[in-house]
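See structure below.
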Amino acid sequence: MSAEAATHPVETGIPPAAKTAPARRRRKRHRDNLAAYAFLSPWFLGIFGFVLIPMGYSLYLSLTKFDLLSSPQWIGFQNYLAMWQDEKFLHSVKVTLTYVVFSVPLKLAAALVVAAVLNRGLRALGFYRSVFYLPSLLGASVAVSVMWRQIFSQQGLLNQVLGFFGVRGADWIGDPRFALWTLILLSGWQFGTPMLIFLAGLKQIPKDLYEAAELDGAGRIRMFFRITVPMLSPVIFFNLVLETINAFQTFTPAYVVSGGLGGPIDSTMLYTLYLYRKGFTSLQMGYASAMAWVLFLVIGLFTALYFASSRRWVTYAD
């Protein structure tokens, strides 16, 4: 190699601008990523500060004895083992399962029937949608629960109406035979949200399916079960999962109607109400945290069972 070739680098033929283009693209991609993370930072702060970190701390507390006044004491799985010797805990599980089993089908059935009626093209459809949705909009409020308590009390509106016809009403709130059923009726009355979802799903079903079935001589009931229900099954599945989760987490109606005691004779002692009483009345926050994690696992189990069974009864358009 000559001295001249050694002192002068070999030209590659690539323009300088082409060499810097990848670097510019990397810098632009980096700036775009920083902007995206900046916009996502409130969400990250929320998910870590209000969800993941509290959940982790709650899991830690569930393995301790903690009364909010002293430092947590590590006791392992004793809180979880103590639940199965707690008769009131087992009773709250029974009450909650009864509430879920009856309230969820009642709410979904009412929502589907009303949605089917509204789908027939009534006048002032928007007004009826708003009227039926209003109870769901106010459903979690204390005011609705107080109103419900006044309606079903011994001197309430329901007994006054029954007395007008010469029928003696019961103490619907004070009788353990009926107290839980008043909460189930309250849940069924709040069918507005699943109704709107059902109504949106009904409008997506092709009309020609009904026309073809009508030409074949199918009646309305047969078309409902042979066309409407199968075509609406993904929406039914969606509402079923959401309403089951909401039913397990019901707290306000039971607290207000029973005065926070779960009475009479623990007939309205839902799981969440017992959890609240353990944590903030008895100050057994470790035990309450363990109850919260059991509820989380039970809801996850029900959701997994729903998804596993959906292959057998949920029909998709494709």
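Would you confirm whether any residue within region 189-198 is modelled with pLDDT of 90 or more, open to solvent by 40 Å² or more (accessible area, probe 1.4 Å) and in contact with a Pro (Cβ under 8 Å, 6 or more places away or on another chain)? No, region 189-198 has no match at all.
Residues of region 252-293 that are of a type in the set (S, T, N, Q) and closer than 24 Å to VAL101 by Cα: THR252, SER258, SER267, THR268, THR272. One residue stands out in region 68-112 among those that are of a type in the set (Gly, Ala, Ser) and in a helix (DSSP H, G or I): the one that is surrounded by the most Cβ atoms within 10 Å (Cβ to Cβ), namely ALA111. Of the residues making up region 1-56, just one is at pLDDT 75 or above, β-branched (Val, Ile, Thr) and open to solvent by 70 Å² or more (accessible area, probe 1.4 Å), namely ILE53. What do you reckon, is TYR255 hydroxyl-bearing (Ser, Thr, Tyr) and over 17 Å from PHE152 (Cβ atoms)? So TYR255 does not fit the description; no. Of all the numbered requirements in (1) under 16 Å from the mean Cα position of the chain (by Cα); (2) free of Cβ contacts under 8 Å to residues at least 60 places away in the same chain; (3) open to solvent by less than 50 Å² (accessible area, probe 1.4 Å), THR244 misses one, and that requirement is (2). Can you tell me how many residues within region 204-241 are surrounded by fewer than 16 Cβ atoms within 10 Å (Cβ to Cβ) and polar (S, T, N, Q)? Of the residues in that region, 1 qualify.
Answer yes or no as to whether VAL142 is of a type in the set (Val, Ile, Thr), touching a helix residue (DSSP H, G or I) at 6+ places or on another chain (Cβ under 6 Å) and surrounded by fewer than 16 Cβ atoms within 10 Å (Cβ to Cβ). Answer is yes for this residue. In the set ILE173, ILE265, only one residue is β-branched (Val, Ile, Thr), open to solvent by 40 Å² or more (accessible area, probe 1.4 Å) and assigned to a loop (DSSP other than H, G, I, E, B); that residue is ILE265. Under the condition of being open to solvent by 20 Å² or more (accessible area, probe 1.4 Å) and small (Gly, Ala, Ser), which residue from region 268-318 is nearest to the chain's Cα centre (by Cα)? Looking at residues that are open to solvent by 20 Å² or more (accessible area, probe 1.4 Å) and small (Gly, Ala, Ser), I get GLY300.
The numbered conditions (1) of a type in the set (Gly, Ala, Ser); (2) within 23 Å of the chain's Cα centre (by Cα); (3) within 30 Å of PRO230 (Cα to Cα) are all true for SER92 except (3).
The values are calculated or read from the model by the stated rules, or taken from the named source; none is laboratory data. Just so it is clear, the structure is predicted and the values come from calculations on it, not from any experiment. Here Cβ is always computed from backbone atoms with ideal geometry, including for glycine, and neighbour counts include all displayed protein chains. SASA here: full protein model, heavy atoms, side chains in, ligands and nucleic acids out. Shrake-Rupley method; radii C 1.70, N 1.55, O 1.52, S 1.80 Å.
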